[in-house]
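Everything below concerns the one structure shown next.
The values are calculated or read from the model by the stated rules, or taken from the named source; none is laboratory data. These numbers were taken from a predicted model, which means no experiment stands behind them. Every residue, glycine among them, receives a Cβ derived from its backbone with ideal geometry; neighbour counts consider all protein chains shown.
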Amino acid sequence: MGGKLIVFEGVEGCGKTTQLQRSWQWLQSLPTSCPLSKVVVTREPGGTELGLKLRQLLLQTEGKPMQDLAELLLYAADRAQHVEEVLKPHLADSALVLCDRYTDSTIAYQGYGRGLSLGLIEQLNQIATSGLESDLTLWLDVDVAQGLARAKGRSFFDRIEQAELTFHQRVQLGYGELAKAHPQRIVRVNASLDEVAVQEQIQAILWQRLPQWYEGWES
Ligand code: Z5A
């Protein structure tokens, strides 16, 4: 496929949504001579119409607790729809796709966080994506307590944010292990700094990758 998939990952409050938007603005502002056909923003869960319904189910706080396996399968269903409806068509159209969370979230949250089988999750990720991996994953690494404090600055807490600190610490450990296992695909960003300093790191990383991806790109 001609396009490239860049994923933003990290624990709650790491600032990935903020940085994804800033990156999108920066990429849009590059001179038109840069050979980017288009830049698309999307997310998981909730990047499609079906996904928005699944997102509501996944993040709701009322009702009986959702079983861990049911949660895993709903994330997989969201991803299967998203890959076919959004990611593959845009990548086939040579777009640069910026995606808020993807397969590593499932490994970190459902695998390391909830303790579900990593082998099972890898199988499900493979089925849901038909093997589509990110070209680059930016792991916004922030201390769990610092991230949660940022997230708490908001007016509501969703179901997962109410979970205990140790859960988020296991998720964080998961991201660390993933980064060690995939050093070329996953690049760590120090997300404990202010928004501008975090964006500067991301632009430096993209500035290195873009010429490797797009012929005729001059950095
Ligand atoms: N999940 C899962 O379990 N398994 C899966 O497979 C997938 C997802 C795909 C929803 O994801 C949930 O889905 C998530 C994991 C689970 N768990 N929860 N809850 P989400 O990405 O939609 O929600 P989120 O993780 O809570 O992300 P968020 O709310 O969008 O937060 P964020 O992207 O990390 O941060 P932000 O919105 O950019 O910033 C948060 C606040 O911090 C905001 O007030 C900013 O102004 C502030 N901020 C941002 N950057 C900074 C810096 N650098 N300094 C200070 N303050 C900052």
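Counting only residues that are more than 14 Å from D78 (Cα to Cα), surrounded by fewer than 22 Cβ atoms within 10 Å (Cβ to Cβ) and of a type in the set (S, T, N, Q), the stretch 100-128 holds 2 of them. From the list K64, K88, the lone residue that is modelled with pLDDT of 95 or more and among the basic types (K, R) is K88.
Let's see how each residue does on (1) loosely packed, with under 15 Cβ neighbours inside 10 Å; (2) in contact with a Ser or Thr (Cβ under 6 Å, 6 or more places away or on another chain):
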position: K4; (1), (2): no, no
position: G13; (1), (2): no, no
position: Q19; (1), (2): no, no
position: W24; (1), (2): no, no
position: S37; (1), (2): yes, yes
position: V40; (1), (2): no, no
position: R43; (1), (2): no, no
position: G46; (1), (2): no, no
position: L52; (1), (2): yes, no
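Filtering the stretch 166-219 to residues that are of a type outside the set (K, R), assigned to a loop (DSSP other than H, G, I, E, B) and under 21 Å from T103 (Cβ atoms) leaves H182, P183, Q184, A191.
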